[in-house]
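Here's the structure, in structure tokens; my notes come after.
No lab work stands behind these numbers, since they all come straight from the coordinates. It should be emphasised that the depicted structure is a prediction, and the values quoted were computed from it without experimental measurement. Neighbour counts are summed over all protein chains in view; Cβ atoms, including those assigned to glycine, are modelled from backbone coordinates with ideal geometry.
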Amino acid sequence: MQESRCEKTNACRDHTLTYPMHRAGVWCPWRRNFTSTAFFKVLNPFFDYFTTNHSNSINYATRGTNMNKISAQPNDRMYIATIPLCSSILCISIATILLAGCSAKPTESEIQPAVLPANISEQTISAIGDNDSAVIVDEVSKIEASVAPAGPVSNRAIAAGRAEARQTSEMVASGDRARIARFNSVSSAVVHNELEHEWLNYYPGHHLVVNTENYTRLNENQIKRVSESPVSTFSIDVDTAAYSNLRRMLTREGRLPPFDAVRLEEMINYFDYDYAAPDSLTEPLAINTEMMVSPWNPDNHLLMVGIEGFEPALDQRPNANLVFLVDVSGSMQSADKLGLVKQSLHLLVSQMSADDRIALVVYAGAAGVVLESTSADKKSKIRQAIDSLHAGGSTNGGAGIELAYRIAEENKIEDGINRVIIGSDGDLNVGITSIDDLKELITRKRENNITLTSLGFGTGNYNYSLMEQLADVGNGNAAYIDSLSEARKVLVEEMQSTLLTIARDVKIQVEFNPAVVSEYRLIGYENRVLNREDFRNDKIDAGEIGAGHTVTALYEVSLKGSRGGMIPDRRYARSDVETEGFSDELAYVNIRYKLPDADRSTEFGVAVRNQIIDSENLQATENIRFAAAVAGFGQLLRGGKYTADWNYNELLLLARESRGDDEHGYRSELLRLVELAKIL
């Protein structure tokens, strides 16, 4: 990294951190063009010239004036008296020109980003190797102190910068050299965003958008020792937004996604798996389990827990009461936002039957009804209403959500599908903008059996965190629409899964046999982890499963006596474990759920048999092998904390071999994404 010139003086260092002149739109030379003494360096040659060439005359004049020892000629006196005056005028003129230059706006090529931690220094990397804690702590402090907001940046932009600094400092503090090397290979998004902000500040006519995308911070699940924590409990998740979102970053923007945007469970569950299905809606879920050797650690195994939901025939689908809630604020004014929203809704309208009903509500600075609840056989009227939408104004999402739920309640179909479908970038800035307030509002509304699906759109300001949480508390699902093909997948191919809920508050609890398993790690589901006691507490909210949905979870496990364990035995740990009668069981998988109209949960489970797994995974199905490939891809994108030396080439080989029939080409698309990530 090029050394900042502003490091030469304390005054300049202070200016680099705050630069109030820069905030006011003044281009300060101390920040970009000159050092703190540049002004005087420019003037010094003129002072030197007069001092060197006229020193005798000046001194002579001074002596003549003050001491009256000589009598100069009149012309000489005029010449000598003019020298200081000319010098002063010249210096003042130069100073004026330079100060005028301070207020001039820079050219595009001159703009440089604020000083932020774009790279982790070689000194720190060396210190990690030497275990020099003082240097590491100092580096962490500098990183965390470098995210003071500069200029009128939005709260989400500041939050994004702080999140990146936290990630950076965590990498340094943990001494994870592999993640540091990966971090140093790409540009800092924070620095890039600051550069874009400066560019906008000086060139307001250009439509360059500062990236304020918002993702909830994630801490990867840690390895657990079975003797200490034998039970793992979590809520299922059928969201797929993270996968299509990172696909957009890789294919359209040519960049790797930030760590917090990589959700392993959403990547895995983006794909369908060929699981055994249940027989009826009265028992709507079936459990499938399988094991294989871990591709990134041959001393460990992967345990797959797969759930398949019952899917009734299309003509058995209940009638639907849908309310489209569309964000038409100014931030949606682009083809990949409102334009794609309208195209997506047209696809869904084409799938509706005459007994279904559709309403259209919009929100910007205020909320309004564009189309009252209308029979879906009036498709022309519905399409005209959708086509009439235009973007402009601020974003009062809270008012829109309240109005949409009111329309849904007024037209509720008993024993039918009642759902609000929101299409937005999630960039709320007016009205109820607190996530907690919006969640409380939607939580109250879901008690009336009206669910919510969130469809995210756009780039640069996509608020993944908000869109995901609204869908979660609304007993719905979250998807990200980056193309018309993705809209077709979510709203046409998977319409039953998207609209029809067959099981609510679905929880999974896995108990590992300490006589067989020494350690385990849940891959993904970081923000779905529940307390052990939450499993049988019906007041605890959990995820919903739609008709035909598949849900997959992977555990990496270390068997007793294997070399894959990471946590050493405790000195005073008990070695005798009472598992008589269960020696052939590796684990027991319990599932708990509610039927859509039930208040009490149903629980059932299956045992996972302890079996010998061939080291080449020749008997492993395409289900677990492809799920492992997707999980491996996500872990590599996160920095590969647990994947050792496993690399993209080995990932590509595994994904190709487990691709299967791939009717719609989604698995082949994953291969293209892996190849892109490999070179970015």
| query | Hey, can you rank 469-481, 224-236, 277-289 by average C-beta count inside 10 Å, highest first? | reply | 469-481, 224-236, 277-289
| field | Sorted peptide list for 638-650, 300-312, criterion being average Cβ within 10 angstrom, highest first | value | 300-312, 638-650
| Hydrodynamic radius (Kirkwood) for segment 314-499, which is based on Cα pairs only, to one decimal in Å | 15.9
| Residues residue 616 and residue 536, FRET efficiency given R0 of 35 Å [Cβ-Cβ distance, rounded to 0.05] | 0.30
| Of 489/539; 337/489; 439/539; 489/678; 378/412, which pairs sit farther than 22 Å apart, going by alpha carbon to alpha carbon? | 489/539; 489/678
| Given labels modelled 7 Å from the Cα in the Cβ direction, how far is it in nm from residue 645 to residue 223? | 1.8
| remark: Mean projected area (nm²) from the convex hull of Cα positions in segment 204-341 is 14.2
